[in-house]
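The values are calculated or read from the model by the stated rules, or taken from the named source; none is laboratory data. From a predicted model like this one, the values you see are computed outputs, not experimental measurements. Note that each Cβ is placed from the backbone with ideal geometry, even for glycine, and that neighbours are counted across all protein chains shown. Note: accessible area is taken over every heavy atom of the protein model, side chains too, but ligands, DNA and RNA are not part of it. Shrake-Rupley method; radii C 1.70, N 1.55, O 1.52, S 1.80 Å.
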Amino acid sequence: MVADVGFAKVFDTRSKKKRRGKPSPAATRSKPGGVGLLILTGAVVVGIIGALIYLGENLAGPFLLFLLGLFAIVGIFTLFAGAVGLLRFGEAAPSAELDYPLLQSLEGAHLLTDEKGRTVFADRAYAQLIGATSDNDVRSVERVFGMEEGLSEPIYRLSVAASDGRVASEEVRLVNGLGVSGRNAEPPRWYRISVRPFRATEEGDEQVAKTIWRIDDITRDREDQEVAFQELQNVINYLDHAPAGFFSAEPDGRISYVNATLANWLGLDLADFEAGRLHLHDVVRGDGAALLNSVAADPGDVRMETIDIDFVKRSGQSLPVRLLHLTPFENDGAPGATRTIVLNRSYAEPDGSADGDARFSRFFNPAPIAISAVDRAGKLVRTNPTFIRLFGGQKRDLSDVTFLDLVAENDREKITTALNEAMSGKGEIEAVDAALVGDEDANARFFINAISGASDSDEASEMAVIYAIDTTHQHALEQQFAQGQKMQAVGQLAGGIAHDFNNLLTAIIGFSDLLLQNHGPADPSFQDIMNIKNNANRAAGLVRQLLAFSRRQTLRPTVIDLRDIVEDLSILLERLLGENVRLAVTHGRDLWPVKADLNQLEQVIINLSVNARDAMPDGGDLTITTSNLMEADCDPAEMKGLVPADYVMIEVTDTGTGMSPEIMAKIFEPFFSTKDVGKGTGLGLATVYGIMKQTGGYIYPISEVGVGTTFRLLLPRHIPVEEDVKEAAPVEVARDLSGSAKILLVEDEEAVRAFSARALQARGHTVHEAASGVEALEVMEEVGGEIDLVVSDVVMPEMDGPTLLGKLRETRPDLKIIFVSGYTGDAFEEHLPEGETFEFLPKPFSLKQLATKVKEVLDA
């Protein structure tokens with residue numbers, strides 16, 4: 001048991017050969033007198049034991065208890081002394097004549113400890129720091145600093161780092177200094193304490209872990225930092241309360257600093273200001289922020305500009321200001337953070353007035369139309385922010401840009417003509433519509449006027465002024481309106497033709513069914529009749545395409561899982577595509593359900609797949625992909641007209657010849673086809689477009705010549721409700737279609753009326769016929785209203801079906817009615833009273849379909 005080793009002593013493990021003329025290292029040598037003290041202690045214990053033997057029992061008992069108590073006190077004291085570090089066990093005392101010259105020569109105070117945390121070496125700086133005057137006064141860093149208030153945690157972290165073999169550093173502040181060795185309290189001081197573990201080689205090449213503790217007094221550095229911080233704070237205070245505003249903005253327009261003066265002018269609360277949250281667009285009216293943007297310049301360049309502009313206060317009021325705008329440029333020529341001084345022009349002059357140039361800028365810069373002045377060579381001399389936004393959104397180097405550079409090449413000739421007329425002094429110049437360079441979809445209307453009084457002198461370099469209005473949106477609306485009118489006209493024509501054809505086809509199919517009842521398969525006429533019916537059904541399919549295009553077809557929407565539909569269709573598609581086209585189907589995870597007409601949706605996928613096959617005459621790949629498109633991922637800029645919502649997307653992609661932009665503009669027009677004569681009707685994509693629109697979805701084609709085409713179909717996500725279960729349930733079809741009801745048949749087409757009457761009479765019903773709505777009311781009056789069911793056409797002369805229904809409800813509110821039409825039920829449902837119920841049978845229909853529908857309604 002020995003005390004902590006004193007300062008300036010060495011625990012050296014080098015060999016004796018390197019320490020010539022000196023004693024061997026004291027790695028295991030105890031303090032002088034240690035062995036003698038041990039022998040003396042043993043002799044005393046033996047003597048006490050011998051004395052106890054010769055003492056009587058009465059005297060030996062109390063004396064033994066006294067010795068045990070004494071030993072207990074010494075043991076407890078030893079335990080506490082070892083715990084606080086006053087005593088250490090098994091520690092060897094270093095040699096007094098050895099030193100560590102290297103550590104002695106380093107700056108700072110150093111303490112060397114072994115792997116158990118025992119002190120091995122302390123230099124003179126460390127001894128002076130802690131006030132040690134002898135070996136016994138040297139204490140560990142934990143004991144010196146760990147006892148100070150608030151320092152136990154950082155000292156503990158350093159001790160853990162030393163044990164883990166990690167380099168670590170902590171800065172601590174002592175309020176009253178170390179206050180050791182009876183010194184008076186000192187002013188607060190800062191110390192940096194660091195640990196650096198390492199492994200040293202002892203005799204016998206044994207690696208021993210050691211740790212160097214270093215303590216640096218950094219009070220002076222901290223004081224210098226505080227002085228610098230205080231000076232910086234003073235500068236900020238001076239800048240905040242300067243008579244001019246100041247702000248700094250990043251290249252992307254985010255404001256990183258605003259002084260108190262400018263914040264006060266703008267009505268901002270500086271306490272709530274956060275760098276990067278405020279943008280130039282928030283404080284500059286209109287497009288004025290474009291004046292503060294700069295394009296790349298020479299590396300290291302600094303650009304200074306004077307700009308008159310209007311700021312907008314938080315209250316919405318305008319603040320006319322003059323900016324001294326400085327933009328530094330980085331080494332790569334990109335603009336850096338700006339520095340801008342703001343002068344308040346609202347009280348710049350003593351009388352409250354502003355100079356002429358500033359007054360002009362207040363009207364010029366906030367103007368909602370683009371304005372630019374050009375010189376005789378057509379170069380831009382002055383532009384307002386709206387002009388900058390219209391022609392690219394970034395500030396340009398006006399010295400190298402002419403107005404013609406901003407206009408599409410095809411329109412430059414008429415712009416040049418208008419400029420020449422203005423510079424020649426012509427008073428009235430016709431407005432010019434032109435496209436902007438680099439953007440075929442961007443258009444503007446230009447009004448070019450001469451500047452009166454302009455001459456060739458240097459003082460009048462502005463020869464003409466150009467006013468531009470962005471007409472891109474207007475141009476797009478005009479095109480959409482014209483296209484919509486054309487499609488509507490064609491759709492009405494197609495729908496009207498389809499309606500008339502459906503009447504004819506209903507009669508053909510109906511009378512074919514009547515003939516087939518009397519001509520069995522063995523009859524020579526049977527095959528002829530079947531050919532008539534089959535061709536009528538094919539014609540009905542063509543009519544359905546016309547109705548799909550005009551969005552007047554009858555849809556029977558059900559809840560659909562697209563994965564099942566596409567998988568079922570893939571077998572059919574493989575036969576349709578042939579051997580040269582490879583089909584691949586990929587489904588997204590957790591696909592949402594959609595609600596659509598199953599047959600029509602299948603027709604959409606088949607039409608697109610067949611078109612893709614025809615676009616790959618030498619073979620290729622056809623890929624059908626399904627996935628979910630969340631509302632957050634909808635991009636109306638990429639998919640024009642799209643209303644953001646949740647959609648299920650189907651992509652049909654081929655590796656065919658692709659389409660040019662000219663063809664892409666016409667693909668959805670009816671009867672437009674790129675196929676040879678006789679190989680296509682031109683209704684395939686028009687039908688697809690109509691089905692998607694009637695279903696509430698969208699279709700977007702993407703194509704590149706020589707690469708391929710992708711059709712992107714978007715169907716609204718369906719949220720399941722209770723009605724879906726009812727819709728999905730199969731409808732039980734009655735086998736016995738006979739009956740004895742009294743039916744009023746209203747149909748203006750004589751052939752359809754004759755077929756329908758015979759079909760219903762053959763099933764046992766009593767049929768009263770009427771050729772119009774007016775005649776139907778007369779029949780109802782004749783029979784005294786004794787009618788069980790009304791089967792009526794929708795489009796009729798004199799009185800249509802919905803009007804007839806309203807009249808019949810006046811006397812028979814519970815009367816059952818079936819509407820038949822070549823249009824959809826939705827086409828006339830809006831003309832019925834709210835809550836009106838009716839059944840619907842689309843044309844063309846067969847004898848069995850009519851009889852089945854009548855039986856269902858009567859039984860219901």
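Collect the residues in the range 174-197 that are in contact with an Asp or Glu (Cβ under 7 Å, 6 or more places away or on another chain), open to solvent by less than 50 Å² (accessible area, probe 1.4 Å) and modelled with pLDDT under 85, keeping them in residue-number order.
Leu174, Gly177, Gly179
Looking for whichever is in a strand (DSSP E or B), at pLDDT 80 or above, surrounded by 14 or more Cβ atoms within 10 Å (Cβ to Cβ) and over 38 Å from the mean Cα position of the chain (by Cα) here; the options are Ile448, Ile466. Which one fits?
After ruling out the rest, the residue left standing is Ile466.
Residue under question is Asp272, and the condition is that it be of a type in the set (Asp, Glu), at pLDDT below 80 and surrounded by fewer than 14 Cβ atoms within 10 Å (Cβ to Cβ); does it hold?
Against the criterion (of a type in the set (Asp, Glu), at pLDDT below 80 and surrounded by fewer than 14 Cβ atoms within 10 Å (Cβ to Cβ)), Asp272 qualifies.
Just to confirm my filter: which strands (runs of 3 or more DSSP E) fall fully inside the range 187-294 and include at least 2 residues that are within 30 Å of Ala161 (Cα to Cα) and of a type in the set (D, E, K, R)?
Qualifying strands (runs of 3 or more DSSP E): 189-202, 206-217.
Just wondering, is there one or more residues in the range 735-743 that are in a loop (DSSP other than H, G, I, E, B), at pLDDT below 90 and acidic (Asp, Glu)?
Yes, the conditions are met somewhere in the range 735-743.
Quick check on the range 96-109. Is at least one of its residues closer than 18 Å to Arg143 by Cβ, at pLDDT 70 or above and in contact with a Leu (Cβ under 8 Å, 6 or more places away or on another chain)?
yes
Quick one: which of Ala757, Ala751, Ala851 is open to solvent by 20 Å² or more (accessible area, probe 1.4 Å) and either in a helix (DSSP H, G or I) or of a type in the set (D, E, K, R) (or both)?
Being open to solvent by 20 Å² or more (accessible area, probe 1.4 Å) and either in a helix (DSSP H, G or I) or of a type in the set (D, E, K, R) (or both) holds for just one of Ala757, Ala751, Ala851, which is Ala751.
Output yes when any residue across the range 644-657 is part of a loop (DSSP other than H, G, I, E, B), modelled with pLDDT of 90 or more, open to solvent by 20 Å² or more (accessible area, probe 1.4 Å) and over 14 Å from Leu715 (Cβ atoms), and no when none is.
Looking for residues that are part of a loop (DSSP other than H, G, I, E, B), modelled with pLDDT of 90 or more, open to solvent by 20 Å² or more (accessible area, probe 1.4 Å) and over 14 Å from Leu715 (Cβ atoms), one finds at least one in the range 644-657, hence yes.
All but one of (1) at pLDDT 85 or above; (2) closer than 25 Å to Asp221 by Cα; (3) not small (Gly, Ala, Ser) hold for Glu149; which doesn't?
Glu149 satisfies all of (1) at pLDDT 85 or above; (2) closer than 25 Å to Asp221 by Cα; (3) not small (Gly, Ala, Ser) except (1).
Could you tell me whether Arg575 is of a type in the set (Lys, Arg), over 31 Å from the mean Cα position of the chain (by Cα), farther than 30 Å from Asp500 by Cβ and buried (at least 19 other Cβ atoms within 10 Å of the Cβ)?
Judged against the criteria, Arg575 is not a match.
Any residue in the range 220-238 that's under 29 Å from Leu262 (Cβ atoms): show its pairings with residues that are open to solvent by less than 80 Å² (accessible area, probe 1.4 Å) at Cβ separation under 9 Å, as long as the two are six or more apart or on different chains.
Ile236/Asn259; Asn237/Ala260
Are any of the residues in the range 761-770 of a type in the set (Asp, Glu), loosely packed, with under 15 Cβ neighbours inside 10 Å and at pLDDT 85 or above?
No; the residues of the range 761-770 include none that is of a type in the set (Asp, Glu), loosely packed, with under 15 Cβ neighbours inside 10 Å and at pLDDT 85 or above.
Could you identify the single residue in Ala249, Ala200 that is touching a strand residue (DSSP E or B) at 6+ places or on another chain (Cβ under 9 Å), open to solvent by less than 50 Å² (accessible area, probe 1.4 Å) and modelled with pLDDT of 85 or more?
The unique qualifying residue is Ala249.
Could you tell me which numbered condition Leu68 fails, if it satisfies all but one of (1) more than 24 Å from Gly131 (Cβ to Cβ); (2) at pLDDT 75 or above; (3) surrounded by 14 or more Cβ atoms within 10 Å (Cβ to Cβ)?
Among (1) more than 24 Å from Gly131 (Cβ to Cβ); (2) at pLDDT 75 or above; (3) surrounded by 14 or more Cβ atoms within 10 Å (Cβ to Cβ), the lone unmet condition for Leu68 is (3).
Looking only at the range 771-812, which residues are modelled with pLDDT of 85 or more, over 12 Å from Val746 (Cβ atoms) and part of a loop (DSSP other than H, G, I, E, B)?
Hits for the range 771-812 are Val783, Gly784, Glu786, Asp788, Arg812.
How many residues, within the range 204-246, are of a type in the set (Phe, Trp, Tyr), at pLDDT 85 or above and open to solvent by 90 Å² or more (accessible area, probe 1.4 Å)?
0
Name the residues in the range 120-136 that are in a helix (DSSP H, G or I), touching a helix residue (DSSP H, G or I) at 6+ places or on another chain (Cβ under 9 Å) and open to solvent by 60 Å² or more (accessible area, probe 1.4 Å), would you?
Within the range 120-136, Arg124 is the sole residue that qualifies.
Taking the options Val604, Val581, name whichever one is aliphatic (A, V, I, L, M), under 30 Å from Glu839 (Cβ atoms) and open to solvent by less than 40 Å² (accessible area, probe 1.4 Å).
On inspection, the qualifying residue turns out to be Val604.
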